[in-house]
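The values are calculated or read from the model by the stated rules, or taken from the named source; none is laboratory data. Because the structure is predicted, anything quoted here is derived from the model rather than measured. Cβ atoms come from the backbone with ideal geometry, glycine included; neighbour counts cover every protein chain shown. In case anyone asks, the SASA skips ligands and DNA or RNA and just uses the protein heavy atoms, side chains included. Shrake-Rupley method; radii C 1.70, N 1.55, O 1.52, S 1.80 Å.
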Amino acid sequence: MRDQKAAEIFQSHQENETSRIEEMFSTFLSIVIPTYNESENIIRLVTEIVNRVPKDARTEILIVDDNSPDGTSSLVEKFVLENNFDIIHNESRTLTIKVIRRQRRDGLMCAVLDGIKTSRGKNILVMDADFSHPPQLIPRIISELKHESNCVVIGSRYAKGGTTVGVPLKRLIISFGATGIARYGLNVKEVRDPMSGFFAVPRHVLKDIEFNTQGFKILLEILVKKQRHVTVKEIPYTFTDRKYGHSKLDLKVFVDYTRAIWSLYKYGRRSQKRLETSEHRGSVLFLSKAARFFTVGATGLVVNFLVSFLLSNGTLANFWYVQATAIGIAISITTNFILNKIWTFEDKKFSVLYTLKQYGLFLLFSSLGISIQLSLVYLLVESGMSYNISLVCAVAAASISNFILNKKWTFREKVWG
Ligand code: GDD
Ligand code: MN
């Protein structure tokens, strides 16, 4: 009798224990933090996270460090040992911290992917080490994941209620432009902050996604490549620029970004062909026309150069160089106009009056583009941005506005599509 009772108690205890462990694992969260020279931030951040994650759930923190010269990884390793957060001595604890030391600096995206590969949690959260992503938001993100098992949860600067503080104008402009291009060019319009580095996903959402390691933003790849039934939830927060250490966003990042957008765009076009849905059509048409427009622009530069050169060096004529350049400009604007009419916009209306009117508008928008470029370069350089980046932004802004104005007014098309 007594034995039976004991057996029952034992069994119910076992069941409780199993369900406790199951519960712990069903909410098992891996937090992936890439670091490069974050010695001034990382221990404070990890301590904050340890204090904020629920004590009854299993959590692992993975620090992915690219052999930072400032000793970030040794610092964390020491902290882990001192506080028994390592896996070996920590079977009974619900929280473990692991340092992944990579041999050399290999980029943010690759670091995060390595962290995800090593992680074991059911859900994965990615965040920066520099306190730009507030650890206070973590409990909110965890509870969203609990409610919705098919959801990408994004810490969002641009959702209603979110904002950025202390970020220099130059970075705001770049971030804003990059976000706009991603939202409209890649058809993730409904997401306000697709470039966020602060997000969480259930592991199964990543299962079918093949990441491009040359890519730039993990979240962006997830949003473009995820299955349709996976939803997105944005939680607004205040992004504060780092107080310690330096940002690693530089010109190379800018180049990587352009490359990544292009390859995601091609990916979108391939899946468009496969699916034959009309969903991507607007962006595909828009971008393919933009690509033609910019190609025409590049041929214009060649024409301009060649004509000016041949007219001033005696091959075709021996004009004064200012005259030769002026003729070069006039001819290249004209060839640009003709090519855009026939090739870019496939406009078949050739009546003289109509074409002349179009030509006039084209000239007007070209001069407007020049003034936009000049004033923007001036404003950006005066506000402290380097000349290179200012020039890239100004040329981009001028060319894009040029394209859109001509699309709408000169060639009378809808802007989108
Ligand atoms: N392992 C590793 N390797 N970590 C890196 C590397 C790298 O090459 N480069 C940067 N990190 C780490 C930093 O230590 C930091 O924890 C995080 O990645 C973000 O780097 P920051 O240099 O602080 O980037 P940011 O502030 O310019 O960019 C952040 O904000 C953007 C939005 O404006 C990032 O969160 C981006 O993901 C985000 O899009
Ligand atoms: Mn930062």
Item to complete: Hey, can you tell me all the residues within segment 319-357 that are surrounded by 14 or more Cβ atoms within 10 Å (Cβ to Cβ) and not in a helix (DSSP H, G or I)?
Response: PHE319, PHE345, ASP347
Discussion item. Filter segment 129-181 down to the residues that are within 15 Å of ligand 2 (Cβ to nearest atom), surrounded by fewer than 17 Cβ atoms within 10 Å (Cβ to Cβ) and not charged (D, E, K, R) and list them by number.
Written reply: PRO134, VAL165, GLY166, PRO168, LEU172
Fill in: Qualifying position, being touching a Pro at 6+ places or on another chain (Cβ under 7 Å) and hydrophobic (A, V, I, L, M, F, W, C), among LEU81, LEU108, LEU62, LEU125
LEU108
Worksheet item: How do the helices (runs of 4 or more DSSP H) wholly within segment 1-120 filter down when requiring 1 or more residues that are modelled with pLDDT of 85 or more and open to solvent by 40 Å² or more (accessible area, probe 1.4 Å): which remain?
Response: 42-52, 72-82, 108-118
Worksheet item: When you scan segment 216-229, how many residues do you find that are open to solvent by less than 10 Å² (accessible area, probe 1.4 Å) and either in a loop (DSSP other than H, G, I, E, B) or in contact with a Pro (Cβ under 7 Å, 6 or more places away or on another chain) (or both)?
Response: 2
Discussion item. Can you list the strands (runs of 3 or more DSSP E) lying wholly within segment 123-206 that have 1 or more residues being more than 16 Å from ligand 1 (Cβ to nearest atom) and touching a residue at least 24 places away in the same chain (Cβ under 8 Å)?
Written reply: 123-126, 151-156, 199-202
Worksheet entry | Residues being over 22 Å from GLY162 (Cβ atoms) and surrounded by 16 or more Cβ atoms within 10 Å (Cβ to Cβ) - total across segment 188-208 | 3
Discussion item. Quick check on LEU364: is it closer than 23 Å to ALA290 by Cα and open to solvent by 60 Å² or more (accessible area, probe 1.4 Å)?
Written reply: yes
Fill in: Hits in segment 231-247 (condition: out of contact with any Phe, Trp or Tyr (no Cβ under 7 Å at 6 or more places or on another chain), crowded, with 17+ Cβ neighbours inside 10 Å and not in a strand (DSSP E or B))
TYR237, GLY245
